[in-house]
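Single-structure report; data block below.
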Amino acid sequence: RAGPTLAWTPGVRFDYSNLGYGILGRVISNVAEREYRDVVRERLLEPLGMSATTFELGDAPLDRLAKGYLWRDEAYVTEPFDPYGSLASMGGIYTSVRDLTRWIGGFTDAFPPRDDPEGGHPMCRASRREMQQGHRTIPPSIAAGTPDAMIELESSGYGYGLFVYDDLRFGRVVGHSGGYPGFGSNMRWQPASGLGVVVLMNHRYGPATPLAGALLRSLVASGPVVSTPRRPVAAPALQAARRAIESLLAEWDD
């Protein structure tokens with residue numbers, strides 16, 4: 001009744017808030033005058049072909065349903081499923097790896113910028129790229145393993161619902177983790193190559209994030225063939241200017 005307290009002055013630094021996403025879900029329901037889950041299903045999930053994704057336990061096929069567990073007193077204990085409610089917009093959907101690859105594919109398809117048709121995605125590529133930009137910075141982290149190992153340096157930021165990491169070796173990586181009673185998850189991808197990984201664990205807050213990071217680094221380092229190279233290409237005018245300057249330097253005369 002007194003209203004939520006604030007960790008920081010709004011708009012000056014990043015702080016993750018599940019309550020914020022709960023409020024956002026209520027805003028969507030109020031503006032659309034419809035239930036949040038129905039808006040998301042019709043506006044996003046159905047156009048993307050994510051037919052195995054749902055907010056309701058009753059809509060999930062039981063033969064494909066993974067139960068969640070908690071390690072307690074030296075044994076695994078089954079965790080009850082959290083039902084759909086007013087905070088569902090902070091997370092907690094039933095989905096599959098195949099559906100999540102469709103979700104990731106929508107973001108990797110936003111690169112490189114181009115004038116091709118949008119491909120049936122409910123959001124334009126410009127909006128999908130905007131979601132993958134760091135709008136609030138997060139302090140950089142540095143980690144050193146053995147004395148002869150390469151230092152791991154990473155700067156990051158928060159976009160619109162996505163974390164953006166700039167890795168010293170692999171460039172930009174985008175993704176998000178998830179933790180829920182009985183489950184842990186992480187999805188991440190490298191826009192430059194279009195490669196992405198999904199890790200799902202049926203263990204409360206399972207360590208999916210470090211595993212996903214290691215998997216993606218291994219994939220990128222192995223250099224698999226990518227159907228469409230995503231290297232930036234200089235504009236023709238810039239290439240012509242380079243040739244002119246190089247010629248001037250090679251044949252310089254005071």
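The values are calculated or read from the model by the stated rules, or taken from the named source; none is laboratory data. Not measured: the values here are computed from a predicted model. All Cβ positions, even for glycine, are placed from backbone atoms using ideal geometry, and neighbour counts span all protein chains on display. Surface areas here come from the heavy atoms of the whole protein model, side chains and all, with no ligands, DNA or RNA. Shrake-Rupley method; radii C 1.70, N 1.55, O 1.52, S 1.80 Å.
Considering the range 48-72, the residues that are closer than 25 Å to GLU35 by Cβ and outside any loop (DSSP other than H, G, I, E, B) include one that is nearest to the chain's Cα centre (by Cα), namely THR54.
Check the range 195-204 and report whether any residue there is at pLDDT below 90, surrounded by 15 or more Cβ atoms within 10 Å (Cβ to Cβ) and out of contact with any His (no Cβ under 8 Å at 6 or more places or on another chain). There is no residue in the range 195-204 that is at pLDDT below 90, surrounded by 15 or more Cβ atoms within 10 Å (Cβ to Cβ) and out of contact with any His (no Cβ under 8 Å at 6 or more places or on another chain). The single residue among ARG217, ARG172 that is among the basic types (Lys, Arg) and touching a Pro at 6+ places or on another chain (Cβ under 9 Å) turns out to be ARG172. Of all residues in the range 73-98, those satisfying the criterion of being closer than 25 Å to SER29 by Cβ, part of a loop (DSSP other than H, G, I, E, B) and open to solvent by less than 60 Å² (accessible area, probe 1.4 Å) are TYR84, GLY85, GLY91, GLY92, THR95. Annotation note: of THR101, THR95, THR108, THR137, the sole residue that is in contact with a Phe, Trp or Tyr (Cβ under 6 Å, 6 or more places away or on another chain), of a type in the set (S, T, N, Q) and closer than 23 Å to ARG188 by Cβ is THR108.
When the range 5-35 is filtered for residues that are assigned to a loop (DSSP other than H, G, I, E, B), under 26 Å from TYR84 (Cα atoms), open to solvent by less than 90 Å² (accessible area, probe 1.4 Å) and not small (Gly, Ala, Ser), the ones remaining, listed by number, are ASP15, TYR16, GLU35. Looking at (1) touching a Phe, Trp or Tyr at 6+ places or on another chain (Cβ under 8 Å); (2) more than 19 Å from TYR21 (Cβ to Cβ), which is the one condition that is false for PRO122? The failed condition is (1). Contact annotation: residue pairs with Cβ atoms under 9 Å, 6 or more positions apart or on different chains, pairing a residue in the range 106-132 that is over 22 Å from VAL197 (Cβ atoms) with a partner that is of a type in the set (Ser, Thr, Tyr), are SER127/TYR160; GLU130/TYR160.
Screening GLY157, GLY106, GLY171 for residues that are open to solvent by less than 80 Å² (accessible area, probe 1.4 Å) and at positive phi leaves exactly one candidate, GLY171.
Step by step: first the residues of the range 112-121, then only those that are out of contact with any helix residue (DSSP H, G or I) (no Cβ under 6 Å at 6 or more places or on another chain) and surrounded by 10 or more Cβ atoms within 10 Å (Cβ to Cβ), then the one that is farthest from GLY159 (Cα to Cα). Which residue is that? Show your work before the answer.
Quick first cut of the range 112-121, residues out of contact with any helix residue (DSSP H, G or I) (no Cβ under 6 Å at 6 or more places or on another chain) only: 112-120.
Checking which are surrounded by 10 or more Cβ atoms within 10 Å (Cβ to Cβ) leaves us with 112, 118.
Working: PRO112: 18, GLU118: 21 Å.
Filtering the range 112-121 for residues that are out of contact with any helix residue (DSSP H, G or I) (no Cβ under 6 Å at 6 or more places or on another chain) and surrounded by 10 or more Cβ atoms within 10 Å (Cβ to Cβ), the one farthest from GLY159 (Cα to Cα) comes out as GLU118.
The residues of the range 1-34 that are at pLDDT 95 or above and of a type in the set (Asp, Glu) amount to a single one, GLU33. Check the range 152-163 and report whether any residue there is modelled with pLDDT of 95 or more and more than 30 Å from GLU79 (Cβ to Cβ). Among the residues of the range 152-163, not one is modelled with pLDDT of 95 or more and more than 30 Å from GLU79 (Cβ to Cβ), which makes the answer no. Which of (1) out of contact with any His (no Cβ under 7 Å at 6 or more places or on another chain); (2) open to solvent by less than 50 Å² (accessible area, probe 1.4 Å) does LEU248 not meet, given it meets every other one? All conditions pass for LEU248, except number (2).
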